[in-house]
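Read-outs: derived from the displayed coordinates by stated rules, not from any lab. None of the values given here were measured: they were computed from a predicted structure. Glycine gets a Cβ as well: all are built from the backbone with ideal geometry, and neighbour counts include every protein chain shown.
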Amino acid sequence: MTKQQANWSPYDNNGGSCVAIAGADYCVIAADTRMSTGYNILTREYSKICKLADKCVMASSGFQADVRALQKQLAARHLIYQHQHNKQMSCPAMAQLLSNTLYYKRFFPYYSFNVLGGLDNEGKGCVLTYDAVGSYEKVGYSSQGSGSTLIMPFLDNQLKSPSPLLLPAQDAVTPLVEAEAIDLVKTVFASASERDIYTGDKLELVIINAAGIRREYMELRKD
Amino acid sequence: MQIFEYNGSALVAMVGKNCFAIASDRRLGVQLQTIATDFQRISKIHDRLFLGLSGLATDAQTLYQRLVFRHKLYQLREERDMKPETFASLVSAILYEKRFGPYFCQPVIAGLGDEDKPFICTMDSIGAKELAKDFVVAGTASESLYGACESMFKENMEPEELFETVSQALLASVDRDCLSGWGGHVYVVTPTEVKERILKGRMD
């Protein structure tokens with residue numbers, strides 16, 4: 001008689017893809033709006049993007065219930081920070097907080113694959129990419145989610161971010177203008193929607209620059 | 001241990017204007033160790049027909065030998081080369097013969113058919129054909145290849161532009177796959193000539 005295995009899992013994968021690209025004075029964060037489970041679509045209009053602070057936005061794919069819980073945690077901690085320091089959290093500060101929050105649940109993780117985007121203290125775009133347990137890295141661009149294996153090679157090809165191993169240390173910031181970066185993101189999602197069944201419906205873009213935050217939408221394939 | 005990920009591979013074929021390109025990586029590994037950096041994954045069946053085999057290398061070699069044998073027999077009997085569509089059906093039949101003990105390979109077939117019309121197709125390990133009008137991909141880097149090709153492909157590319165596109169797509173994709181890489185092998189075939197080129201990419 002073999003040992004009984006659990007056939008109930010606390011996790012589910014709601015699919016979807018997220019992308020973020022950092023520029024000299026802007027940051028573009030994008031995610032599709034499809035939420036699925038197995039081969040079914042739960043909704044075509046679910047936002048995976050959450051504003052954590054004035055100049056800091058997070059896009060997360062994976063298990064959306066865990067993503068929601070994580071967003072709630074971060075919002076609560078941010079509120080406490082604001083009470084104690086009388087200012088908003090900066091993007092690098094939020095980045096560290098997110099990492100610590102994820103690692104706190106190292107042995108029952110948030111099934112959440114995050115990309116954090118915003119402007120750093122000098123107003124330059126910054127993108128940080130995370131795994132489910134909080135390992136993170138500041139990069140010029142990143143993608144996470146079901147379409148990330150399709151999207152990343154193309155972003156590499158177009159943005160050629162230098163390796164962090166290079167000396168002298170090179171900036172992890174992309175030499176594209178805002179309009180070009182937005183176009184690139186739209187192209188990349190159109191391609192991913194063709195081949196990834198979990199990506200599609202609508203694309204939500206959030207663009208952060210010195211002027212503030214704005215949102216754009218684009219229709220994607222609905223099949 | 002996944003059998004399709006034992007050796008590592010990346011294969012892509014793309015259609016252009018009266019031409020096609022077929023490209024592969026050059027790594028042969030045994031799980032995490034690299035054994036060869038000049039492994040040939042694409043073979044010529046005849047001047048206008050190329051076959052690429054991804055997956056388990058031993059099965060790829062055996063399958064290749066069996067297919068060359070069958071094609072030579074066909075040439076003796078019919079006194080002509082096989083059409084790409086026919087060859088694809090042959091490969092599919094041979095794979096399905098082993099339905100309950102398959103060859104662990106995913107073939108990519110590319111050729112010029114009647115009136116120099118380019119033909120590409122891929123199939124799974126038991127012979128389910130997938131005919132495509134634009135591009136086909138196979139191997140451990142297939143997801144990355146899907147993304148890169150989908151973004152870079154244009155219709156009716158001339159041979160030179162097709163070569164550039166296939167090369168960029170291949171190199172970008174294998175750089176995100178640890179089991180494939182060590183350069184690339186690209187064949188661009190037009191009705192008049194076959195150009196074979198080696199690409200140097202990240203050697204890791």
Net charge (Lys, Arg +1; Asp, Glu -1) of residues whose beta-carbon lies under 14 Å from that of residue B:54, residue B:54 excluded, is -4
Give me the net charge of residue A:29's neighbourhood, meaning all other residues with Cβ under 13 Å from the Cβ of residue A:29; Lys, Arg count +1, Asp, Glu -1. +1
Cα gyration tensor, region B:63-204 - rounded (a/c under 1.5), prolate or oblate: oblate
Relative contact order (percent, whole number), region A:17-220, Cα cutoff 8 Å, 6+ residue spacing: 29
Here the gain from full extension of residue A:179 to residue A:40, 0.36 nm per residue of separation minus their alpha-carbon distance, amounts to 46.6 nm
Apply the Karplus parameterisation 6.51 cos²θ - 1.76 cosθ + 1.60, with θ equal to phi minus 60°, to every residue of region B:113-128 and state each ³J(HN,Hα) to the nearest whole Hz, in sequence, with x for glycine and proline. x, 4, 6, 6, 7, x, 10, 10, 7, 10, 8, 7, 6, 10, x, 6
Which value in deg cm²/dmol, rounded to the nearest 500, describes the helix-derived mean residue ellipticity at 222 nm for chain B, given -39,500 (n - 2.57) per DSSP H run of n ≥ 4 and division by the residue count? -10000 deg cm²/dmol
Of A:48/A:160; A:48/B:133; A:202/B:154; B:44/B:129, which ones are farther than 30 Å apart at the Cα? A:48/B:133
In sequence order, calculated HN-Hα J values of region B:100-110 (Karplus, 6.51, -1.76, 1.60; Hz; x Gly/Pro): 9, x, x, 6, 8, 10, 10, x, 10, 10, 9
Please report the net charge: other residues with Cβ closer than 12 Å to the Cβ of residue A:213, K and R +1, D and E -1. +2
Taking Cα centroids, how far is region B:1-63 from region B:136-168 in Å? 15
Everything considered on the Cα gyration tensor (a ≥ b ≥ c; rounded for a/c under 1.5, else prolate if a/b is larger than b/c, else oblate), region A:17-220 must be described as rounded
Value of relative contact order over region A:28-96, rounded to a whole percent, pairs C-alpha under 8 Å and six or more apart: 25
Across peptide A:93-104, what mean number of C-beta atoms from other chains lies inside 10 Å of a residue's C-beta? 0
From the residues A:73, A:94, B:4, which one has its Cα farthest along the dipole of the protein assembly as shown in the positive direction, the dipole being from +1 and -1 charges on Cβ of Lys/Arg and Asp/Glu about the Cα centre? A:73
Cα centroid distance between region A:187-212 and region A:49-68, in Å? 15
Excluding same-chain residues fewer than 8 positions from residue A:87, which lysines have a Cα within less than 18 Å of its Cα? A:51, A:55
Computed [θ] at 222 nm, helices only, for chain A once each DSSP H run of length n ≥ 4 contributes -39500 (n - 2.57): -10000 deg cm²/dmol
Computed magnitude of the charge dipole of chain A (debye, nearest 20; Cβ of K, R +1, Cβ of D, E -1): 720
